[in-house]
Amino acid sequence: MKTKIVFSEKCLQYGAWHVEGPLRLKRAQEILKEKDYEFVEPFYAPEERLLEVHDAEYVCKLKKGVVEDPDTPAYENIYEYARLSVGGALLAAKINGFSLMRPPGHHAGKSGTALGVYTRGFCYLNSVAIAVKSLGKPALILDIDGHHGNGTQEIFQGNEKVVYISLHRYPHYPGTGAHSEGNCLNFPLPADCGEKKYLKVFNEALGKVDVGEFEVVAVSVGLDTHTGDLASLGLTENSYRKIGKYIASLEKPTFFVLEGGYIGEKNGKDIDQLLKGYEKNI
Ligand SMILES: [Zn+2]
């Protein structure tokens with residue numbers, strides 16, 4: 001069955017000047033539409049869901065728009081945009097879909113910045129973390145964004161129900177994720193390491209966990225590992241097809257949440273390939 005894409009045009013309404021801007025999703029959405037994916041509209045995440053992950057003071061500040069940092073602006077109504085993006089992840093978790101929404105979330109920790117990092121890397125609320133918490137099931141989070149998900153690690157560090165795996169470029173923003181810590185397994189990779197090396201490490205990473213322990217797999221999909229993007233690891237469209245195949249081999253209910261990826265045209269093609277690789281093998 002074809003994976004449904006969770007998307008709302010509302011996520012294109014802000015931040016046109018920023019690198020994390022609407023075009024990165026607009027073009028991706030057009031490409032996926034041409035390829036006959038079915039789209040479903042997300043709902044706004046209820047506040048109590050946010051509070052299962054983030055502290056009340058931070059959520060309150062976000063509502064008031066006082067969360068600006070040097071790379072993460074306090075856009076007008078950003079709380080609502082972020083809440084809708086979380087809603088996308090919650091719906092994706094429910095229907096085993098792909099949330100094609102912005103803003104991203106994996107750098108956002110319990111109270112905003114995470115693990116001593118100075119900025120929130122374009123993130124406001126940690127959508128994937130909120131979706132995993134809402135399910136309440138033992139979960140494997142696979143973070144394939146090219147940046148380490150310091151927010152997700154902070155939120156789940158020491159959590160017995162969750163294992164977090166991240167493959168990311170290092171040294172690079174946010175500077176965390178050099179080593180594994182308990183249930184958070186980190187695989188730092190050199191810039192532009194290429195598909196062969198990436199897939200080898202990906203396989204090794206999956207080999208370190210007992211997949212039988214999990215009831216669900218949540219994938220933080222960052223496409224900025226694509227050659228030429230912000231955290232390039234030298235991957236191509238074809239690499240994402242192979243990654244999708246590996247994810248399918250886990251044979252678990254799976255959902256996907258968009259993180260980074262800053263070139264709309266290739267985002268659309270990469271997502272299509274990732275899902276094709278995944279679907280062909282389930
Ligand atoms: Zn990233």
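The values are calculated or read from the model by the stated rules, or taken from the named source; none is laboratory data. Keep in mind that what you see is a predicted model, and the values were worked out from it rather than measured. Cβ sites come from the backbone with ideal geometry, for glycine too, and all protein chains shown count toward neighbours. We work out accessible area using only protein heavy atoms, side chains counted, and drop any ligands, DNA or RNA first. Shrake-Rupley method; radii C 1.70, N 1.55, O 1.52, S 1.80 Å.
What the Cα atoms of the chain give is an Rg and a Dmax of 16.7, 46 Å.
Working note: Karplus 6.51/-1.76/1.60 with θ = phi - 60° gives segment 212-217 the couplings x, 6, 9, 9, 8, 10 Hz, where Gly and Pro are set to x.
Using R₀ = 25 Å, calculate the FRET efficiency as 1/(1 + (r/R₀)^6) where r is the Cβ-Cβ separation of GLU41 and GLU181; round to 0.05.
Working: r = 38 Å, r/R0 = 1.52.
Once the sixth-power term is evaluated, E becomes 0.10.
When both segment 93-133 and segment 58-92 are represented by their alpha-carbon centers, they are found 10 Å apart.
Once you keep just the Cα pairs under 8 angstrom separated by 6 or more residues, what percentage relative contact order results for the chain?
Taking the mean separation of contacting Cα pairs over the length of the chain, I get 20 percent.
In vacuo Debye scattering of segment 1-108, one point per C-alpha: log10 I(q)/I(0) at q = 0.10, 0.13, 0.17, 0.19 Å⁻¹? Log10 I(q)/I(0), no solvent term: -0.29, -0.49, -0.82, -1.00. For the pair GLU34 and ALA74 in one chain, pulling the backbone fully straight at 0.36 nm per residue adds 11.0 nm over the alpha carbon distance. Summarise the long-distance tail of P(r) for segment 116-198 by giving the % of C-alpha pairs beyond 15 Å. Percent of Cα pairs beyond 15 Å in segment 116-198: 56. In segment 64-141, Rg over Rh equals 0.98, where Rg is the alpha-carbon radius of gyration and Rh the Kirkwood radius from pairwise Cα distances. Here the spin labels are modelled as points 7 Å beyond Cα on the Cα-Cβ line, and at ASN238 and ASN159 they lie 3.7 nm apart.
Mind checking which of ALA82, HIS106, LEU62 is farthest towards the positive end of segment 1-137's charge dipole, using Cβ charges of +1 (Lys, Arg) and -1 (Asp, Glu) about the Cα centre? Going by the Cα projections, it comes out as HIS106. Rolling a 1.4 Å probe over the heavy atoms of the protein chains gives segment 31-127 an accessible area of 42 Å² per residue. Ordered from highest to lowest accessible area with the whole protein assembly present and a 1.4 Å probe, GLU154, GLU20 read as GLU154, GLU20. For the chain, the antiparallel share of DSSP beta bridges with both residues in that region comes to about 10%. In segment 205-258 the Cα-Cα distances spread across 10 Å bins starting at 0 as 22, 48, 27, 3 percent of all pairs. Roll a 1.4 angstrom probe over the protein heavy atoms and tell me the percent of accessible area of segment 1-77 that is carbon or sulfur. Solvent-exposed carbon and sulfur of segment 1-77 make up 51 percent of the total. Counting 0.36 nm for each residue step from GLU279 to VAL201 and taking away their Cα separation leaves a gain of 25.8 nm.
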